[in-house]
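For reference, the structure discussed in these notes is given below.
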Amino acid sequence: SASQWFIYDSYMEELERMEKAKEKEKAKPVSVKKEDTKTGRKLSYVEPPHVDSLSKVAKAAKIAERMVNLNTFDDVAQDFKYFEDASDEYRGQKGTLLPLWKFQYEKTKKLAVTALSWNPKYKDLFAVGYGSYDFMKQGHGMLVLYTLKNPSFPEYSFSSESGVMCLDFHSDHPYLLAVGFYDGNVAIYNLKKANSQPSFKSSAKSGKHTEPVWQVKWQKDDTDNNSNFFSVSSDGRIVSWTLVKNELVHMDVIKLSADETMQGPEGLQLQTLGSGISFDFHKKIDYLFLVGTEEGKIYKCSKSYSSQFLDVFEAHHMAVDTVSWNPFHLKVFISCSSDWTVKIWDHTIKTPLFVYDLSTAVGDVAWSPYSSTVFAAVTIDGQAHVFDLNINKLEPLCTQLVVTRKKNKTTHVQFNPAYPIIIVGDERGLITCLKLSPNLRKMPKEKKGQEAKKGPEVEIAKLEKLLSLVRQPGSKE
């Protein structure tokens, strides 16, 4: 019987080998002889391997769809590319926002826009996170990517069991997207892989948060070239996630604990509060970051010290919804809160340099990528506000209603990194794209015979000049 089994195994191995050989042959390009009818000579050509017919037409169909959209929204495309509002000349310093496209997807109508992020490489592509801020109405979430080339339908869409609360594109690997969920999980989506599920996701075993994740931010790859990002959550943990050998490895960087006191600067005992809502890493000083809490404090922290803060700012009376470093000036950051205010700070001074009361809760604030003194904020009454401190230090140059439906709120705002446009998201799942009129993006005037200076140094000097007017004499430089 042993010999029978041996013969059977040999047969099976041979059959398997023959099957593999057949598959290889199928995959190989086939050389076909074809007779030329005119000359009668036999010509040989290589027949390409079999490709799925759908994938052949997919790219062509996408281009055709974009062209149809371009024709459908031709007037909007023309406005986006060429229209410069001439009436700005008669408005003094004020400006306007011109509505362009509206992005809406059937499956996201009952969800709120909880996160917006432009892709660092493809300037027309942006990601939108959908979920709900109402803890009584928690359900599924969506991650959707749109392009300005096709406003009628998403480029990618992913569904999730829990609401998406935050997301961030990797600056060096623009196909990687870090996402944080309401249920405390984090995940990485890889847009190169046509998969409906994230490539990597945290779990209860691998240190997921126990409360909603409010913000995620990619960091530079570590010394072993592993991708890593940070997350902040209401559970008081700030966690570093590293992608090691196809696995998400976590490490707690700081715990904001309500029960303990922590050693503060100069030996002060600080009562720490345990609910992180927002954070941002310094653009140049790699280890430095800010954390905004539900109680209205902003902590200045270092990756190196897990048991103490470098400083604490009594910033707001309610949750710090956004905190963000200025992209040009190394000392300046901005914060906004549900206590109706937007504040601008120098991180070496405990009191804010500028305070703006917008008369209702502020949902989000964002610095512009082209000027150190321009920022935009959205308030829950459906309005967008654009400021340029260099032109008017006291009030916005533009306050405009973006969302018109009642009981709807604007939630997020982001500047495009290349074009003079902003996108604004609301609680009904709609994203509105608006173009800044010329007055909202004024650049230094060129003097006759002289070229106007541009670049980061000019932007830093511009903001520094403003700050020197409001800094107290003798304050730490």
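The values are calculated or read from the model by the stated rules, or taken from the named source; none is laboratory data. All figures in this text were calculated on a predicted structure; none of them were measured in a lab. Positions of Cβ are backbone-derived with ideal geometry, glycine not excepted, and every protein chain shown enters the neighbour counts. In case anyone asks, the SASA skips ligands and DNA or RNA and just uses the protein heavy atoms, side chains included. Shrake-Rupley method; radii C 1.70, N 1.55, O 1.52, S 1.80 Å.
Side notes on the structure shown:
- Residue within the stretch 363-380 that is surrounded by fewer than 21 Cβ atoms within 10 Å (Cβ to Cβ) and under 20 Å from SER132 (Cα atoms) present: yes
- Residue count for the stretch 379-394 satisfying the condition of being more than 15 Å from GLU427 (Cβ to Cβ) and in contact (Cβ under 8 Å) with a residue 12 or more places away in the chain: 9.
- Positions within the stretch 326-358 being in contact with a Cys (Cβ under 9 Å, 6 or more places away or on another chain) and of a type in the set (D, E, K, R), in sequence order: LYS343
- Residue match in the stretch 436-452 (condition: surrounded by fewer than 21 Cβ atoms within 10 Å (Cβ to Cβ), outside any loop (DSSP other than H, G, I, E, B) and modelled with pLDDT of 85 or more): yes
- Yes/no for ILE238 being in contact with a Gly (Cβ under 7 Å, 6 or more places away or on another chain) and part of a strand (DSSP E or B): yes
- Residue match in the stretch 201-219 (condition: buried (at least 19 other Cβ atoms within 10 Å of the Cβ), part of a loop (DSSP other than H, G, I, E, B), in contact with a Ser or Thr (Cβ under 8 Å, 6 or more places away or on another chain) and of a type outside the set (D, E, K, R)): yes
- Looking only at the stretch 394-420, and only at residues there that are over 22 Å from SER338 (Cβ atoms) and touching a Phe, Trp or Tyr at 6+ places or on another chain (Cβ under 7 Å), the one that is surrounded by the fewest Cβ atoms within 10 Å (Cβ to Cβ): PRO417
- Meets criteria (among the charged types (D, E, K, R), in contact with a His (Cβ under 8 Å, 6 or more places away or on another chain) and under 15 Å from LEU290 (Cβ atoms)) for LYS350: no
- Restricting attention to the stretch 296-330, the residues being among the basic types (Lys, Arg) and either crowded, with 20+ Cβ neighbours inside 10 Å or free of Cβ contacts under 8 Å to residues at least 40 places away in the same chain (or both) number 1.
- Cβ pairs under 9 Å, 6+ apart, first in the stretch 191-216 and under 14 Å from GLU247 (Cα atoms) and free of Cβ contacts under 8 Å to residues at least 24 places away in the same chain, second assigned to a loop (DSSP other than H, G, I, E, B) and open to solvent by 50 Å² or more (accessible area, probe 1.4 Å): SER199/LYS193; SER199/ASN246
- Residue list for the stretch 331-346, restricted to those being farther than 18 Å from ASP381 by Cα and either touching a residue at least 60 places away in the same chain (Cβ under 8 Å) or not hydrophobic (A, V, I, L, M, F, W, C) (or both): LYS331, VAL332, SER335, LYS343, ASP346
- Residues of the stretch 97-117 satisfying the condition of being at pLDDT 85 or above and β-branched (Val, Ile, Thr): VAL113, THR114
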